[in-house]
Structures are given as C-alpha cells and as structure tokens.
2 protein chains.
Amino acid sequence: MAPTLVDVAARAGVSTATVSRVLNGNYPVSPGTKARVLAALHELDYVVNGPARALAAASSDMLGVIVNDVSDPFFGILSSGIQWEAGGAELLAVICNTAGSPEDELKYMQLLLRQRARAIVLTGGGREDPDHAERVAQLIRQCHERGARVVFCGRQAPPDSEAVSILFDNRGGARALTRHLLAMGHRRFAYVSGPEANTTTTARAAGHRDALLAAGLEPEDGAALHGDFSRASGFAAGMELVRRGVDCTAVVAGNDLTALGVMAALREQGVRVPEDVSVAGFDDLPVAMDAAPALSTVRLPLREAAARAGRLAIGADDMPGPDGLVWLSSELIVRESVGPPGRGLASTARL
Amino acid sequence: MAPTLVDVAARAGVSTATVSRVLNGNYPVSPGTKARVLAALHELDYVVNGPARALAAASSDMLGVIVNDVSDPFFGILSSGIQWEAGGAELLAVICNTAGSPEDELKYMQLLLRQRARAIVLTGGGREDPDHAERVAQLIRQCHERGARVVFCGRQAPPDSEAVSILFDNRGGARALTRHLLAMGHRRFAYVSGPEANTTTTARAAGHRDALLAAGLEPEDGAALHGDFSRASGFAAGMELVRRGVDCTAVVAGNDLTALGVMAALREQGVRVPEDVSVAGFDDLPVAMDAAPALSTVRLPLREAAARAGRLAIGADDMPGPDGLVWLSSELIVRESVGPPGRGLASTARL
DNA sequence: TTGTACGCGTTATCAG
DNA sequence: CTGATAACGCGTACAA
C-alpha cells in the first residue's frame, strides 16, 4: 500500500500535522524536526494524495481545456500555449477533444466541474444554437458558484455570464482577405466554409460577404459549400466545385486546412494554383508557409491568444475591462497561392 | 456553496447512502425513491465531487499523457488518438508538455502519480542517460505499486519495469529511406538529426548508417548536424550546411518538420529541391503531403499507435506478449522531394 | 430495499 | 513550534 501521512509521521516520530506543515511550508517548523520529516518522506517514497488534498483544501490543481481536436494545429497551438502557462503555475492541463460535438462540449464541462477544476478554457468557435447556449450558460454559472474561472478563446461568452473572452477578428480578417482578392482583379468566387451554425464559420463568411457587397458584387450563394474545417472536407469541396462546373477564378476557404484540401483537389484535376485559380486560407498555421504554393491567408495570433487565455485561467492576469472582452487583431499574409485572375476553374479542370 | 450528497438526501427525504446508490446504480433502489432522488439531484444542480469520490474509492478517472509538445503534429496526433480512447471510457486525459526536458518528464510523472492517475502514457523518444532512466524506472515502480498502468509509445520501457511499449521501427524505416536514396544514385549525404542522446534520434541515425555501410560507403560525420526535431532547427541546419559548404546531393532529416525547415533554407539560398539537392523526412505527418515539393518520407502508423497505447492504458487491451513489446512497422513513402542526384549543395547555393 | 456509521488522506483550527 | 482533532464529501460494510 502507498504510504500516507500517518506512516511518515510515525516514522519521523511527529504528528501528521507537522508532516503536512513541512510539506506545504506554510507554518514554521523547527529545523531539526523538519530534517527528520524530510528523511522519512524520502525513505518511504511518499507521494501526496492529490484527491485527498483537493477534498480537504476544497480546490484542485487542474485546468481544463476544451478543444475540437488537438491534432488540428489550430487547437494544438492553443493547447500548447495554455498548457505552458498552466505548467508554469504547477497546474495540470486536461485536454478534452469534442470532435465538434456540442454534446461532448457539455459533457466535458460537467466532467471538469465534477473534478473541481480551477478553470475551464473553451477554445474555438461555438455552436449557434440558443438551446445549447443556454445550457452552456447554465454550466458557466455553476462553475462560478464553485469558484472556477471560465475563459473563452475564439468565441464570445454568453451574455451576462461574467466569463472572459479572447476574441479573434475573424470578420475583419476575412474582409481584408477578400478585399485583397478583389484588388487583384478577381470577381468570381467560390467559398468553402466551416461547419454550419458555427460562430467562426459565420464571422468569416460575413467578412467575405462584407467585402463583396462593398465592391458592388452580389454574393453568389450557389458557389458556397460547407465543410468542417478539415483538410479532407476541403478536398471533397474542391472536387465538388469541379463537378458542379463552378466557374470561379478564386476559391476562398474558411481556414488553412480546408484551403490545403482544396488545393490538393484542384492539383489532382489539373488546375494550377495560382495560374488558373487562386486559393486563400485563414489562420496562418505553420503549414501555410510550407505548402505548395505557399498559402495567402490571414494570420491569427494563436500563441498570444493561448498565453492570454492561460494567464487569465490561472488567475495571473486580471479580468480585462468591464465587458470582459479581449480583441486580438488579424493580419493579411500575402504569399503565392493568390495571383491575378487566371482562366478559371470551369475551363481548366479536366474531369 | 455547492450542494453535497447530504443536501440531496435531505431534500429527497432519504439517506446519503441511497443517493449514492442512485448515482452509481450499483445497488437496487426502488423506483419510487429513485425518482425522488433524481428529482432532488436535478433541482439542486448536484455535481459529484470528483476528488471526494476518488478518495473514497481510491481511484481516479484520469489518464496522463506525457508529450514533448502538443503543437508538434507528431505529438498532436498521438495525443488526439489517446484522448479519443480515454474519452470513450469516460476518462479525462491530462496532457503534459515537457518541451523535451527530462526533468519535466519526471516532474509530470510525479504530478500524475500524486493525482492517482489510472495510467500514464509516455510518448516519443526518451533521453539516453542511465541516471535519468533509473529515476524513470523508480517512478514506474511507484506507479505499479499504486495500481497505475504505464505505457510507453515510441520508446522502449526500462528493462524489467513491466511497462508495455508500443514501438516504431525507426531504424528499419531509416534504413529503407537511405536505401532508396542510394538506389536513386546519391552518394554524398548530409544528415540533420534530432536532439542528442535521444532514443529516436539514435535509432534513425543508426538506420541511415546501416544503409550507408551496407552500400560500402563511409558515413561522413562531418556532414551531420543536430537539431531538435523542430522546423526552426531544420532551417538553421540548412543554413549551416550552406555556410559550411557541405557538398552533398541529398539531405536526410531526422523528421518531417526538420526536413521542411531544411527545404525552406535551401529555397532561400536558391537551391532547388529536388533538382539540385534532394531532401527526405521521417514520420509522414499530414503536412508532408502538402509541402512544396511533397516530401519523400517514412510513414509511421501514429493513429494506430495512439489507439493501441490508449487502449492499453485504459485497460481495454491486455498486455501483449511476454515481453510487453508491440512493434509497429514503417513504410517508405516516395514523393517529389527526392530525385536523381543534382548538381549538389555547394555548387548551387548562393550565399 | 434502506439507513447507520466508519474510513479514505489531507488540511486547518485550536490548544498547549 | 507542535499535537490533537474536526472537517472535507463520498462509498460501502453492516445492520435493520
């Protein structure tokens, strides 16, 4: 059996209280007894019982991070940054993959709540569904009642939830990107977005639309497809665009992975990027730089977002402003995947 | 204050034991009282206290995963797969980033031990240091004493530690890769490996060396550099090779990210890949396929490894064989970054 | 089927 | 500075 405080105390010839004091260093202990206790601790290979401590102290040293999927670099980078801050504060970061399922999101929030996590960070876009939002708001309330912080990173917290939000300028970034494409001369677009009813999807699509309308163009919804932000869905969408004979000179994707998939599909169909068709992404993941051709995209300060979210979660930073909102700006990154309008998709794709 | 079993029991007019039984469903409870308890549970928004339960039941529902860095796709994919299995078993996966530091590895093992984690999965290569190995072995022993499973994924467990190991055929894969380069006609190589004294680094370098020796070539250690498996270190190494005037026709990198960095550096120096110099990676991360040019590499079954490690960790699979070793095979992936020998690095790089 | 009562390993309060 | 001892919230023999 694992040794407990009682065992250590017996061996050192002191009370459990004294051992606890040595362990936590929050009360004075004479050097002599301290040495004896430390020796006993070492000899028995004593390891603190986390659950017992959490029960007695009514607080745990866990930090929950809810993501879509850690293997998606977008979330991997966020997770890594948050985990870094957590580790610095001697906290354990629990990563929960929801695979985009709103039910799993709720399930994991409950699981973290029951573990008495110090804080929960919800990353990425959220589902646009009043019912779901209400249930999330309810859970946030419970978190706060128990003294757990809740931080949103990539989407806005429900109104009057008192939770902090780190926000990306998705709409502005998307607007700038499409403006860039328009400036290059493009007029016929296809848009491959993320999952439906997702806040990130919506914001980016809105930015794209903003730019189109400002240029006096009518957004053609016929050339808009939904994916799930994965490379595979981008590939499928690329093939679908070809199949449908969509005649565009530029494909705007909801994120980089989708753009990568689209480019792979076009390549396979004999369409050259950017000579025949331009392709743009969003996020500026590391892979965007190494892709063929390098991806024109919008850079999001993911590492900074993660650091701020992490620091907010561990309580190192104070709640910002009265509205609890932190806006992070985006930056247009011009590379090689976008060029002047080419011959277009319909006339170059060989089915 | 958060409601406890006592509150629920009072409200439902039953004892705490009954509430506990309803919660766990491990003892018969009459439908009537069950309904009353469920109602009370709901009305009070009761949430189980995880630590208290863990203390009473002497077991927690946490699964620890130790990785170098989740934002590295290699580890992101492993983490995601393990987390998937954990989630399916209603367990929480705790991801710990060590950033390659052996001290952090030990620190996190202790932290997980103290949380009474059900199992710990150590991923990636390990440090080749008898002293460190001994301390790890010591911690593994403590884990086993407390009934926690330990699974290695990507490196071999210390001898007689009774821990299970999922292993990649790093050496065989590296051998096959270099054999391929030799078959293409290359004779002058540069090698950019991972961190020193790392089991993965060593195994891959050994495979490369095997192939060279088998072909009657003398490994030129002058053209071997160490990185840390990151893209940045690959970029630095690529620049350094140029600076040193290393005259090779092929650069073999210890992993894909390093290869990507090398390619970026060569590109920047005016060296074409693969026309002038060939570059090869290892791992076959998703990015290898989208890179420019697409990377010739060695595919490792990361998702499979993660699934097996996860299942072993949660106890869904039995300990394999008498030696506790599971070998996973690798596969040579030929793409565009390797071609016939070109003019070589020294004669094409413009400093 | 249900209730009582004790133990799980710590922390914290209160004496000494 | 140190030692008893009472929580902390839950699971579970044991008894009814």
Review point. Of the GluC sites (Glu not before Pro) in segment B:249-351, which ones lie in a loop per DSSP and count no more than 13 other C-beta atoms within 10 Å?
Key: B:Glu275
Point to revise | Dipole moment magnitude, nearest 20 debye, segment B:228-350 about Cα centre, only Lys, Arg, Asp, Glu C-beta charged | key: 420
Review point. Any idea what the dipole of segment A:149-212 comes to, in debye rounded to 20, about its Cα centre with Lys/Arg Cβ at +1 and Asp/Glu Cβ at -1?
Key: 380
Review point. What gaps in nm, shortest first, separate B:Asp247 from its twins in the other copies when you place the label 7 Å past Cα toward the beta carbon?
Key: 5.7
Check your understanding: What residue of chain A sits with its beta carbon nearest the rotation axis taking A to B, and at what distance in whole Å?
Key -> A:Ala292, 1
Exercise for review: Taking a label point 7 Å out from Cα toward Cβ, give me the nm distances from A:Leu217 to the same spot in the other copies, shortest first, one decimal.
Suggested key: 5.0
Study note, to complete from the structure: Measure of exposure for A:Asp247: accessible area at 1.4 Å probe, Å² rounded to 10, is 70
Review point. Taking a label point 7 Å from Cα toward Cβ, how far is B:Glu145 from its twins in the other copies, in nm, shortest first?
Key: 4.1
Practice item. For segment A:312-341 and segment B:102-127, compute the distance between their C-alpha centroids and round to whole Å. Key: 33
Review point. So who's got an amide H within less than 5 Å of the one on A:Val251, skipping anything under 5 residues away but keeping other chains? H placed 1.01 Å off N, in plane.
Key: A:Ala190, A:Ser278, A:Val279, A:Ala280
**Study point:** Segment A:Glu240-A:Ala89, length gained on full extension (0.36 nm per residue, minus Cα span)
**Key:** 49.5 nm
Review point. Just by accessible area at a 1.4 angstrom probe, what is the order of A:Leu257, A:Leu23, A:Leu177 from largest to smallest?
Key: A:Leu23, A:Leu257, A:Leu177
Review point. Roughly how much of B:Lys107 is accessible, in Å² to the nearest 10, using a 1.4 Å probe?
Key: 50
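Hey, got the dipole for the protein assembly as shown? About the Cα centre, +1 on K and R Cβ, -1 on D and E Cβ, debye to the nearest 20?
480
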Exercise for review: Find which of A:Gln83, A:Pro286, A:Val338 sits farthest along the positive direction of the dipole of the protein assembly as shown, computed with +1 on the beta-carbon of Lys and Arg, -1 on that of Asp and Glu, about the Cα centre.
Suggested key: A:Gln83
**Study point:** Largest-first ordering by accessible area, 1.4 Å probe, given options A:Leu182, B:Leu55
**Key:** B:Leu55, A:Leu182
Check your understanding: Going by the alpha-carbon gyration tensor, a ≥ b ≥ c the square roots of its eigenvalues, is the protein assembly as shown rounded (a/c under 1.5) or, if a/c is not under 1.5, prolate (a/b greater than b/c) versus oblate?
Key -> oblate
Check your understanding: Each residue of segment A:341-346 in order: what ³J(HN,Hα) in whole Hz does its phi give by Karplus 6.51 cos²θ - 1.76 cosθ + 1.60, θ = phi - 60°, with x for Gly and Pro?
Key -> x, x, 6, x, 5, 4
Exercise for review: Would you work out which of A:His42, A:Gln156, A:Leu325 lies farthest towards the positive end of the dipole of chain A? Charges go on Cβ: Lys and Arg +1, Asp and Glu -1.
Suggested key: A:His42
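The values are calculated or read from the model by the stated rules, or taken from the named source; none is laboratory data. None of these values were measured; they are calculated from a predicted model. When we count neighbours, we look across all protein chains shown, and the Cβ atoms used for this are built from the backbone with ideal geometry, even at glycine. To get the accessible areas, we keep the full protein, side chains included, count just its heavy atoms, and leave off ligands, DNA and RNA. Shrake-Rupley method; radii C 1.70, N 1.55, O 1.52, S 1.80 Å.
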